Amino acid sequence: MNTTRPANGSPIADDRALGMDRAITRRDFVNGAAVGIAALATATAGAAAPSASTTGGKAPPTNYPPARMGMRGSHPGAFEAAHALRDGSLDPATAVDVGETYDLVIVGGGLSGLAAAHFFIKSVGRDVRVLILENHDDFGGHARRNEFRVDGRLLVTNGGVLEIESPDRYNRWARSVLDDLGVDLHRYEQANSANYKLYDTLGLRSGHFFDRETWRRDQLVVPPAASDMRGGPSPDAIARSPLSARAKADMLRLLAPDQPDYLAGRSIAEKKALLAKTSYRDYLLKIVKIDPQAFWYFQGAGQGTFCVGADAYPALFGWVQGYPGFSGLQLGPIPDGLFESLPGGHHGRQKESGSSVHFPDGSATLARLLVGSLVPGATKARTQEDLGTGLIDYGALDRPGQPVRIRLSSTVLNVRHEGSPAAATECIVTYARSNDAEAKGLQRVRARNVIMACWNMFIPYLVPELPSLQREALAYGVKGPLVYTNVALRNWRAFQKLGIQRVSSQTMFFQDVSLAECVGIGEVVPPTSPDEPIVVAMNKYMAAPGLPTKRDQHRAGRAELLAISFEEFERQARSQLARILGPGGFDPGRDIAGITVNRWPHGYAYTYNSLYDPVEWVFSEAPDRPCVVARQPFGLISIANSDAAASPHTDAAFEEAHRAVGEVIAQRTFPFARRA
Ligand SMILES: Cc1cc2nc3c(=O)[nH]c(=O)nc-3n(C[C@H](O)[C@H](O)[C@H](O)COP(=O)(O)OP(=O)(O)OC[C@H]3O[C@@H](n4cnc5c(N)ncnc54)[C@H](O)[C@@H]3O)c2cc1C
């Protein structure tokens, strides 16, 4: 590997110095499969074994999915069968009928699939048979939980879906799910009111890291006071940056309260129309005319929401999301003109509103509550607080005789009607088990109805009998790829010493690095001092600037992501933390206790983008949007999932589940299938 040297000058010359040889809890599930017992023993040696006191009196079984580390998210073992089907090397016709018939089979155990089961049971009662098939070894889809046990403490964090975003804007059906599950956001926020203040109390701020590959030497710039990263750095931070004098002057001009009208002579509507068709990059460089060096701060604008950077991010979105450069344009209040009609979940939530709520494990709490409600025997936990440490009995998810069965590690490969779609009374669902040595090969079950709560772009492969226009529409949106890497640290003294809680590192492997939000729930306790263990989140957005469209960028980013090994993620995480935190006394070999890479090659639902898609797809509920054409029911098959709304949000996933269940229920009266 390349020699790396932290900014404090102490040599970190090779993998050994980075701690790549240290025994930490990372390699027990490298590449998704358990390695030998000896390796497992070594792997757990560096971190405390789970104890009853750290798990709310309940020690998790070994091999518990949320506690698996190494490559998670879309882990190896979860997608090979699907890719073999895509490549034509797998024939679903060879499947064995396992003799099971269901009222409803749901393809995909993400929030949309789980919510579909919830809405179905709520409407027709529990005297039914529902099967959820999910290709991963854990449920929740993107809403996944990561656990670490470090020095006797349980650390819980989100492996995917971060927060209940703008709950005040949740649609009726999404709200009903929260209410049915007893989710109480107010109670949660009150319980965390003191925790939220910890980092601020310690004076920790958001900084920028200028890397030597771009700026000749590594330099961390921390502003003297808290600043809003989107609004740009403070004048003091600009003064300390390595920018040229001209770039610094341009930054001060861009951030000054009195901005010129860079689009003078145009009406408000004309300005908005132009901004909708101009990237934020072009706006800053060609219209505001800032120095390219100053643009360094803004190249990642929009990436957290759209998985592409400022080159593929409409300037109009930048205005709405609070980036600088627009105050002189006199565009009026934000819900105005083009933005007047932004109902529904389809538009990508350019406008945020209200606060968002982040449980320690993100929205995995919602997935776990849903599973607890669908399969009551799977957990004793009943409330959001119980589930802080409450265990799920994964062995109970797929037992015969219960109304809802959740079958993990089962990749659906084919869904077809038995007979013509117009007249059929049953579908055949074929899937591959990826973790069941006794059930090698393919299996199939029968279903009176099917809800596809999986990913739109794969549905044409799974349901080849769909009409061609619908297949094209399903394939239109390409999901945005991204990675959430969670690194468990034994302490965070280096963050305190450097005065940072979050660092933007735009031109490094991970584009941002931050301490996990300081929140607890039930018996999950957040840190109270920098001497205690914590999780650091390192995010990587797989943008590929320079390609013609956002869809091209997502495809290229996904291919690149799938080619990066866990070892490379680990090396990069160690090296980047050493470079940023080294001057604060951080030693990657000593301080890192565990690493989990949550890889999401099929991440955010594709959202329409006014640079590449018709403007009306972005700013209205136009019926010719591909997501609308794609989600039409076909015979006994309905389509849920957040792709169906072209919106990467939980409330969209719930609303689409409700619509799909409505289609199923409208279609038939239920003499129910006999339970097996
Ligand atoms: C990293 C990340 C962070 C996010 N953060 C937020 C956030 O903070 N707030 C927010 O509102 N939204 C967030 N989202 C958006 C998130 O996608 C939605 O909130 C929601 O979880 C989508 O649910 P879903 O069920 O539609 O899709 P998914 O969660 O993708 O679930 C679909 C499931 O179907 C499975 N599947 C696919 N094909 C098959 C097959 N052939 N056979 C069986 N199963 C299959 C998939 O593996 C997956 O588990 C985030 C997404 C990602 C990737």
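Entry remark, region 603-635: residues being surrounded by fewer than 24 Cβ atoms within 10 Å (Cβ to Cβ), of a type outside the set (V, I, T) and within 30 Å of R446 (Cβ to Cβ) number 4 in total.
Out of all the residues in region 259-276, is one or more of a type in the set (S, T, N, Q) and free of Cβ contacts under 8 Å to residues at least 60 places away in the same chain? Taking every residue of region 259-276 in turn, at least one turns out to be of a type in the set (S, T, N, Q) and free of Cβ contacts under 8 Å to residues at least 60 places away in the same chain. Every condition in (1) in contact (Cβ under 8 Å) with a residue 40 or more places away in the chain; (2) within 27 Å of P526 (Cα to Cα); (3) not aromatic (F, W, Y) holds for K197 except the one numbered (1).
In region 105-122, the residues that are of a type in the set (S, T, Y) form Cβ pairs under 9 Å with partners that are assigned to a loop (DSSP other than H, G, I, E, B), at six or more places apart or across chains, as follows: S112/G141; S112/A453; S112/C454; S112/A640; S112/N641. Reported count of residues in region 169-189, each being part of a loop (DSSP other than H, G, I, E, B) and of a type in the set (D, E, K, R), is 1. Take the conditions (1) more than 13 Å from the ligand (Cβ to nearest atom); (2) touching a Lys or Arg at 6+ places or on another chain (Cβ under 7 Å); (3) within 24 Å of R405 (Cβ to Cβ); D151 misses just one of them, which is (3).
Where in region 450-569 are there helices (runs of 4 or more DSSP H), lying wholly inside it, with at least 1 residues that are within 16 Å of the ligand (Cβ to nearest atom)?
Numbers: elements: 459-462, 468-476, 493-498, 550-562.
So the answer is 459-462, 468-476, 550-562.
Report, by residue number, each residue of region 245-299 that is touching a Phe, Trp or Tyr at 6+ places or on another chain (Cβ under 7 Å) and either at positive phi or in a loop (DSSP other than H, G, I, E, B) (or both). Residue satisfying the conditions is V288 alone.
Count, please, the residues in region 190-207 that happen to be assigned to a helix (DSSP H, G or I) and either of a type in the set (F, W, Y) or in contact with a Ser or Thr (Cβ under 8 Å, 6 or more places away or on another chain) (or both). Explain how you work it out, then say what you get.
Going through region 190-207, the residues assigned to a helix (DSSP H, G or I) turn out to be 190-191, 195-201.
Those still in the list that are either of a type in the set (F, W, Y) or in contact with a Ser or Thr (Cβ under 8 Å, 6 or more places away or on another chain) (or both) too: 196, 198-199.
Within region 190-207, residues that are assigned to a helix (DSSP H, G or I) and either of a type in the set (F, W, Y) or in contact with a Ser or Thr (Cβ under 8 Å, 6 or more places away or on another chain) (or both) number 3.
Looking across A93, A82, one residue alone is without any contact (Cβ under 8 Å) to a residue 24 or more places away in the chain and open to solvent by 10 Å² or more (accessible area, probe 1.4 Å). It is A93.
So which of S420, S434 is farther than 28 Å from D552 by Cα and within 16 Å of the ligand (Cβ to nearest atom)? Don't jump to the end; show me each part of the working.
Values: S420 fails: within 16 Å of the ligand (Cβ to nearest atom).
From the options S420, S434, the qualifying one is S434.
Among the candidates N135, N158, N171, N146, single out the residue that is within 24 Å of P648 (Cα to Cα), of a type in the set (S, T, N, Q) and at pLDDT below 95.
On the way: N135 fails: at pLDDT below 95; N158 fails: at pLDDT below 95; N146 fails: at pLDDT below 95.
So the residue among N135, N158, N171, N146 that is within 24 Å of P648 (Cα to Cα), of a type in the set (S, T, N, Q) and at pLDDT below 95 is N171.
Number of residues in region 249-302 that are acidic (D, E), exposed (fewer than 15 other Cβ atoms within 10 Å of the Cβ) and within 28 Å of A544 (Cα to Cα) equals 0.
Among residues belonging to region 578-598 that are touching a helix residue (DSSP H, G or I) at 6+ places or on another chain (Cβ under 6 Å) and not in a loop (DSSP other than H, G, I, E, B), point out the one that is farthest from F79 (Cα to Cα). Write out each step before concluding.
In the first step, residues of region 578-598 are kept if they are touching a helix residue (DSSP H, G or I) at 6+ places or on another chain (Cβ under 6 Å); the result is 578, 581, 584-586, 588, 595, 597.
From what is left, the residues that are not in a loop (DSSP other than H, G, I, E, B) are 578, 581, 584, 588, 595, 597.
Details: A578: 34, L581: 36, G584: 41, P588: 32, I595: 22, V597: 16 Å.
Ranking the candidates gives G584 first.
The values are calculated or read from the model by the stated rules, or taken from the named source; none is laboratory data. Since the model is a prediction, treat every value here as computed from it, not as a measurement. We place every Cβ from the backbone using ideal geometry, glycine too, and count neighbours over all the protein chains shown. For the accessible areas, the whole protein counts, side chains as well, though only heavy atoms, and no ligand, DNA or RNA atoms are used. Shrake-Rupley method; radii C 1.70, N 1.55, O 1.52, S 1.80 Å.
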